[in-house]
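Asker: Handing you a structure now.
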Amino acid sequence: METFYEVMRRQGITRRSFMKFCSLTATSLGLGPAFVPKIAHAMETKPRTPVLWLHGLECTCCSESFIRSAHPLAKDAVLSMISLDYDDTLMAAAGHQAEAILEEVMTKYKGNYILAVEGNPPLNQDGMSCIIGGKPFVDQLKHVAKDAKAIISWGSCASWGCVQAAKPNPTQATPVHQVIHDKPIIKVPGCPPIAEVMTGVITYMLTFDRIPELDRQGRPKMFYSQRIHDKCYRRPHFDAGQFVESYDDEFARRGYCLYKVGCKGPTTYNACSTTMWNEGTSFPIKAGHGCIGCSEDGFWDKGSFYDRLTTIKQFGVEANADKIGGTLAAASGAVVAVHAAASALKRAADKKAEARAEEKNEAR
């Protein structure tokens, strides 16, 4: 199988352009300049990795997001970086031909292919709520996973269960990690995940031949280590106690914090406020709508997206964000009062001193 560099050269890409690509890749992964030669070496020497992409219960939004990646372009990821040998949404083959390709890749690259899963398996009624190739998806998932090198759970459906698993969950839709227990699983949640996050995870795995560092929930730290709230451009308004009270009010037009209208940014870990969407153009909060927390487990069963959070603390003080504006005002008033009292005491002391001085003069 060709290496990534061989494919690029065959397509007419110059060495200079290739190195620019490696630099851009390092930047998109949050890596320093020292990693550029390592990325270049890996792409020059390692063959493209076979990827088998399965679809369970889902809406295909992860695929829709993936094909819109700009850094790197999805076409570069699919046609050059990986060998996407099976994806029943993107592949040209269908029917028996497609299933034959799946079995061929599993046999030829046993233990060396990556399994990407979009959606989840329903377990009720022997998995009959999702049929792929005439068989329950849960059976296909187990079959393909048994010889995979690693598994990527695309989106909140595969990572957590998502809306299919919402109460009362009649199909018993179940996230991948609760069905497959003997393989490393990288969760890339979001509904859908950001395009560049998806291609970034694949790029890292192919470049360094290992899975990225994961947090305690199995998500790549490079993209899920900070809350959206931590890097949100509206954060100063939150800190100042300046909030939108209702959509399209005066404070909304001023771009104030959306916490009071239900924004879940303070409890959501994702790269939305830094990587953003549509080639870094915007993200929901920038467009005027609060974060709904779509990358967090159970977000679909936590009540209305417009219910405000009530336990968000600020600066370590014992007050939530609803009270912080009043607290700051009260604190300012207290400071003024203390200053006034101190000034009055000083004036009284000065008068007493003056009176004593006059008495001494008269006594002389």
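Here, each number is a calculation from the coordinates, and none is a lab measurement. All values derive from a computational prediction rather than experimental measurement. In this analysis, Cβ positions are derived from the backbone assuming ideal geometry, glycine residues included, and neighbour counts consider all displayed protein chains.
Asker: Quickly rank 183-189, 278-284 as a protection proxy: mean count of other C-beta atoms within 10 Å, highest first.
Answerer: Ranking the peptides 183-189, 278-284 by packing returns 183-189, 278-284.
Asker: Taking square-rooted eigenvalues a ≥ b ≥ c of the alpha carbon gyration tensor, is the stretch 84-184 rounded, prolate or oblate, where a/c under 1.5 means rounded and, failing that, a/b exceeding b/c means prolate?
Answerer: Prolate shape, in that a/c is at least 1.5 and a/b is the bigger ratio.
Asker: If you don't mind, there's one more thing I want to ask. What does the extension gain come out to for TYR247 and THR45, with contour length at 0.36 nm per residue minus their alpha carbon separation? Mind showing how you got there, number by number?
Answerer: Numbers: separation 202, 0.36 × 202 = 72.72 nm, distance 5.39 nm.
67.3 nm is the gain from fully extending TYR247 to THR45.
Asker: Within a Cβ distance under 15 Å of GLN178, other residues only, what is the Lys/Arg minus Asp/Glu net charge?
Answerer: Numbers: positive: LYS142, LYS183, LYS187; negative: ASP182, ASP297.
Local charge sum for GLN178: +1.
Asker: For the stretch 131-214, what does the alpha-carbon gyration tensor say about shape, rounded, prolate or oblate, given a ≥ b ≥ c as the root eigenvalues, a/c under 1.5 as rounded, and a/b over b/c as prolate?
Answerer: oblate
Asker: OK, next. For ASP88, what is the net charge nearby, where nearby means another residue's Cβ is under 11 Å from its Cβ and Lys, Arg count +1, Asp, Glu -1? Show your work: numbers first, answer last.
Answerer: On the way: positive: none; negative: ASP87, GLU99, GLU118.
Taking every Cβ under 11 Å from that of ASP88, the sum is -3.
Asker: Between ILE67 and ASP126, what is the label-point separation in nm under the 7 Å Cα-to-beta-carbon projection?
Answerer: 3.5 nm
Asker: Still on this structure, I have one more. Cα-Cα over 23 Å: which of LYS183/LYS221; LYS149/LYS302; LYS187/LYS264; LYS46/LYS149; LYS20/LYS149; LYS231/LYS264?
Answerer: Pairs exceeding 23 Å: LYS149/LYS302; LYS20/LYS149.
Asker: Between the stretch 135-182 and the stretch 243-260, how many Å separate their Cα centres?
Answerer: With the stretch 135-182 and the stretch 243-260 each reduced to a Cα centre, they are spaced 39 Å.
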